[in-house]
Amino acid sequence: MQNSTQPAQPVTANHDTLRPVTPAEKSWGWFAIFNVWANDVQSLFGYSLVASLFISYGVSGWTAFAALITAGLLVMVLVNLSGAAGERYGIPYPVFARASMGLRGARLPALLRAIVAVFWYGVQVYFASTALALLIRSLTGITDGAPIMGMSGIDWMSFLLVWVFHILIFWRGMGWVETFLNIAGPFVYLVMIGLVVVLWNRADGQLLSQAQTIFTSADSTFGTEVAGFIAIVGTMVAYFAAVMINFSDFSRYARNRRAMTLGNLTGLPLNMILFSALALLTTAGAAVVYGEALINPTEIVERTDSVILAIIAAITFFAATVGINLVANFIPAVNGIANMAPSRISFRSAGIITSVFALFIGGLWTSFISQVGIDGFVNTLGATLAPLYGILIADYYLLRKQELSVEDLYRTEGGRYHYGNGWNDHALVAFAIAAIFSVAAVWVPFLSQLSGYAWLIGALLGGVIYVMRSRSAQRL
């Protein structure tokens, strides 16, 4: 197969967002990849999710800890698979999807990934605004008034300021984000270690012993521990599902395969070990000291009554959340929206569209969207993307044996990825069947026992159906 690095008849005319990166642009070492994952986990939503998992499933601290590490190992394997094409050919996710879905059909997975990214973008804007609200309260001592749609005046002001801040950043360009992430990541750990030290002193030596059992249900059994373990692994895999499917958006900037795999190793299982331990101790310490199950670290920091710690924590969590929001959510959203009409929708136009939707999603998070429940929210979004992951991976490894024609990927018509009408019907049918099942596993009570497996089953089902239909068609 042809392995050209320069496309002919580019579908991205007058718009270079989706073009293959050049060898000179492949500048990301392992530390840059590590920080993509480190900041993803260390964002305020990431911490809140991990903390809620300790509390929600009523399992011991060791069970939850083991489940989080297992999820990190599993995600590492999955992103190494999905990122290989991006690292080898320098192509982004919307272009990679054309191989399995078709030149026009790739708009479906790109759009779905963009929708998920827009949702995450809006939610992360809200969580970043809680850090700014903490900073304002710490510096001014202003008390909140009556809430409007679940947020006080300070909360709304912080939310709008953070929303505008995101717009200003992307308007100036994205070149500085790698450095921003490299700085923010380590400082998040310093703040969390500081929180643990404060809570350790106030817990009178009970922190370690309480961390093991404080969230365990009174009627806990071996069966409930196993069920909780599976559910936590499933939820964390679903949390990373959006980045897993479009990891080629990042891996295409990796210097080589070693940089990608080493960055994934340090950024996922090794990072999860440290972060999960700190999150467990912090959440348990807050429950011991304050008698409440607090899952937002800004709330815990506020309870410490330390102005210095509050200021440092607010700035650090704000930086980490904004940084990963731009990388993991803004870029995929812009790429997906731009892919709908590459010659007409520019980078900035797609960014404005993303920002407008994010304004409504983030504004409704407290009063409406969060009421669905963080784990249900995460699992639903992940279940939607799961079949697409399975189809992309099955197509690339089982059918194409890791060989792509970059020239044909960028054609407007014809070529091996046109599939007659621009849509690969086998991929479309596989996605529809698998997506119905994977989403139903999250919400239908009859399938509730499978909810922890929803993402994995959806991905496996999508891949199997796609390969069976494709190979059957080849035999006819």
(request) Would you please list the contacts, defined by Cβ atoms under 8 Å and residues six or more apart or on different chains, that run from a residue in region 114-141 that is without any contact (Cβ under 8 Å) to a residue 24 or more places away in the chain and within 16 Å of MET157 (Cβ to Cβ) to a residue that is in a helix (DSSP H, G or I) and not small (Gly, Ala, Ser)? (result) ILE136/ILE154; ILE136/MET157
(request) Identify all residues within region 85-134 that are surrounded by fewer than 24 Cβ atoms within 10 Å (Cβ to Cβ), in a helix (DSSP H, G or I) and of a type in the set (D, E, K, R); write none if there are none. (result) ARG88, ARG107
(request) Give just the number: which of (1) modelled with pLDDT of 80 or more; (2) more than 21 Å from the chain's Cα centre (by Cα) does GLY362 not satisfy? (result) (2)
(request) Test THR22 against the stated conditions and say whether it is polar (S, T, N, Q), under 24 Å from ALA227 (Cα atoms) and at pLDDT 85 or above. (result) no
(message) With the structure loaded, tell me whether LEU74 is modelled with pLDDT of 85 or more, part of a loop (DSSP other than H, G, I, E, B) and either among the hydrophobic types (A, V, I, L, M, F, W, C) or closer than 19 Å to ALA117 by Cα (or both) or whether it fails that test.
(response) no
(message) From the list ALA338, ALA350, ALA310, ALA358, exactly one residue is crowded, with 24+ Cβ neighbours inside 10 Å and closer than 21 Å to ASP155 by Cα. Which is it?
(response) ALA358
(request) Go through (1) modelled with pLDDT of 85 or more; (2) over 17 Å from ALA84 (Cα atoms) and name the single condition ASN264 misses. (result) (2)
(request) Test ARG303 against the criterion of being modelled with pLDDT under 80, of a type in the set (D, E, K, R) and surrounded by fewer than 24 Cβ atoms within 10 Å (Cβ to Cβ), and give yes or no. (result) yes
(request) Go through region 267-298 and give me each residue that's surrounded by fewer than 20 Cβ atoms within 10 Å (Cβ to Cβ), modelled with pLDDT of 75 or more and farther than 18 Å from ILE232 by Cα. (result) VAL288, TYR290
(message) Considering only region 235-255, I want to know if a residue exists there that is within 27 Å of ILE142 (Cβ to Cβ), in contact with a helix residue (DSSP H, G or I) (Cβ under 7 Å, 6 or more places away or on another chain) and assigned to a helix (DSSP H, G or I).
(response) no
(message) I'd like to check something: does region 141-154 contain any residue that is modelled with pLDDT of 80 or more, buried (at least 20 other Cβ atoms within 10 Å of the Cβ) and in a helix (DSSP H, G or I)?
(response) no
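The values are calculated or read from the model by the stated rules, or taken from the named source; none is laboratory data. Just so it is clear, the model here is predicted, and its values are computed rather than measured. Positions of Cβ are backbone-derived with ideal geometry, glycine not excepted, and every protein chain shown enters the neighbour counts.
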